[in-house]
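Remarks on the structure that follows.
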Amino acid sequence: MKSNIFQPGYDELRKIRRQSRGLYWFTALFSMFVNLLMLTGPLYMMQVYDRVLGSRSEATLVALSVLVIFLYGTMGFLDYARGRILARVGARFQTALDRRVFDAMIRRSAVAQDSSAQTGLQDLESIQRLISSPVLGAAFDLPWTPIFLAGIALFHPWLGLLALAGGAILIAIAIANQIFTKAPTQKANMSSHKANLMSEEIRNEAEMIQAMGMRGASFARWQAVRTEALKDNMSASDSGGSFSTLTKTLRLFLQSAMLGLGAYLVLQNEVTPGAMIAGSILMGRALAPIEMGLGQWAMVQRAMKGWHSLAELLSKVPPETERTALPKPRAVLEVQGLAVVPPGSKAPLLRNVNFAVKPGQAIGIIGPSGSGKSTLARALTGVWRPAAGSVRLDGAALDQYPPDVLGSHIGYLPQRVQLFEGSIAQNIARLEQEPDADSVVAAAKKAAAHEMILKFPDGYDTIIRGGSGLLSGGQTQRVGLARALYQDPVIVILDEPNSNLDNEGSQALNHAIKQIKAEGRSVLIMAHRPAAIQECDMLLVIDKGTQTAFGPKDKVLQEMVANHQNIRKSTNAGGVQ
């Protein structure tokens, strides 16, 4: 049932894999010659023991040795070429899916906490590593194992039976390894992932942990998770290592047993000494792919899990359809009957919201904490899709614009501003590799951040590194505001824009809002502080996810004050009674 649900993802992965079908056939062809050339050693030993030592001919030994050098050189070249082909197949597979998986991961993570989204790129890398590793080469060698075992039987049936029994035991061990190590390996991977997430969370909040004396408590919390991960990893390692050791020991024993049985048959004059040595060498070669697979089974399991997780992610997030390019919209935003249900929830956080924004208007959105202001911001930027109703930009629904195009039309300053590793200019330019300097400076000036940035060691080229603490909260918010204003979006949405700003920053914010309005663009401001709505023309009041008022700012404020006074009078009257 589960595979049917995620079938589109499996089909997409197989389609990409089929692009390298020709290279896989080349690998199979090279593997055929490599395995045929593996017979060089056994045949050489047979000739040396049965012909050279019997005839005592040095010329024959030299001729055979020269031929063996050539054959081994050819085999080494083909094996090297096979490895290079598989490395490029792995790189081609990853390159073909990099953008698709990255987009799916961003789209899924933006609307839901999904483990398949969080590890998407790691899953893709695990598959690439398996394709490029010697394990896949061993998989191409595996079909030759029965042929080598049959070749041993040609020397003598007893030798063939010993080889067949040994091969069957090793295959049984491989199956048992897959069965008994699957659960411990999955548990170990989940525990390690949990520990890594917690360590990353602690690292990101290092300043707060240091300031509040939480190092001991945070270490104890992380150590408990880390210890559990270590236990799970040791359990998985012990389980897999026991099978790997058993396989190696059994293979060495089988080679010695092959020599012992061969020696007995030589004494009985049923095989030659050369056949005895050749049988032992062939036995080792026949079982080598199985031993390789068991030794690298953790990598195989990780890639198999990555394959299924990627199929799940790609099925949940299908490819985006091509959209007809629309002209740059006017600053007209219409919200009709909007209801928003957060991902993973069944109850709407917003219900029946209706308002319109015209060019040159600034609308303040106010309400108590948890009323749904940030939820509305996510819906207006297209991050969360409406469960009911619509959000239209200049008449077009938001999903009619490609995400990157929509982002260029709608500037967004989230409640918590996150800057990325890179220069300040790159952060303002929304991570463009080669930012347009004029646009970057213009956006910084509109956000009143230009003079502030010039005071940094390298100005706009100052590098921001994660957790460096180079910028204060207010400075970070100004850079975030400049990013929201980059390349003049027609709609600017500011969620608590002055939460970290001082008086000077608040004045700069109001100046930026006034300038946006003067340019015929529109602003929506989610705010608690009265200073943030100073330049607003209209007010939208949200309480408990419901729109309670919308209209001119002064009128709405008067109604709110009147209602407040009426409530107080009613309360006082009730108290008198």
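The values are calculated or read from the model by the stated rules, or taken from the named source; none is laboratory data. From a predicted model like this one, the values you see are computed outputs, not experimental measurements. Here the Cβ is made from the backbone with ideal geometry for all residues, glycine too, and neighbour counts use every protein chain on show.
Is the stretch 96-108 home to any residue that is assigned to a helix (DSSP H, G or I), closer than 30 Å to residue 275 by Cα and without any contact (Cβ under 8 Å) to a residue 24 or more places away in the chain? The answer is no; no qualifying residue exists. The condition of being polar (S, T, N, Q) and either under 30 Å from residue 502 (Cα atoms) or modelled with pLDDT of 85 or more (or both) does not hold for residue 565. Say we look at the stretch 552-561 and pick out the residues that are closer than 18 Å to residue 368 by Cα and exposed (fewer than 14 other Cβ atoms within 10 Å of the Cβ); which of these is modelled with the lowest pLDDT? Across the stretch 552-561, the extreme among qualifying residues is 561. Comparison of 263, 303, 288, 278 shows that the only residue that is assigned to a helix (DSSP H, G or I), under 28 Å from residue 199 (Cα atoms) and not aromatic (Phe, Trp, Tyr) is 303.
Taken over the stretch 328-347, the criterion of being crowded, with 18+ Cβ neighbours inside 10 Å and out of contact with any Ser or Thr (no Cβ under 9 Å at 6 or more places or on another chain) is satisfied by 329, 341.
Check the stretch 25-32 and report whether any residue there is farther than 30 Å from residue 122 by Cβ, crowded, with 17+ Cβ neighbours inside 10 Å and modelled with pLDDT of 90 or more. So far as the stretch 25-32 goes, yes, one or more of its residues are farther than 30 Å from residue 122 by Cβ, crowded, with 17+ Cβ neighbours inside 10 Å and modelled with pLDDT of 90 or more.
Do you know which residues across the stretch 116-150 are farther than 30 Å from residue 94 by Cα and surrounded by 20 or more Cβ atoms within 10 Å (Cβ to Cβ)? Of everything in the stretch 116-150, those that are farther than 30 Å from residue 94 by Cα and surrounded by 20 or more Cβ atoms within 10 Å (Cβ to Cβ) turn out to be 145, 148, 149.
Among the residues of the stretch 179-203, the ones that are in contact (Cβ under 8 Å) with a residue 60 or more places away in the chain and surrounded by 17 or more Cβ atoms within 10 Å (Cβ to Cβ) come to 3 in all. Comparison of 93, 70 shows that the only residue that is under 25 Å from residue 280 (Cβ atoms) and in a helix (DSSP H, G or I) is 70.
The residue that is surrounded by the most Cβ atoms within 10 Å (Cβ to Cβ), counting only those in the stretch 372-404 that are out of contact with any Gly (no Cβ under 7 Å at 6 or more places or on another chain) and closer than 18 Å to residue 527 by Cα, is 376.
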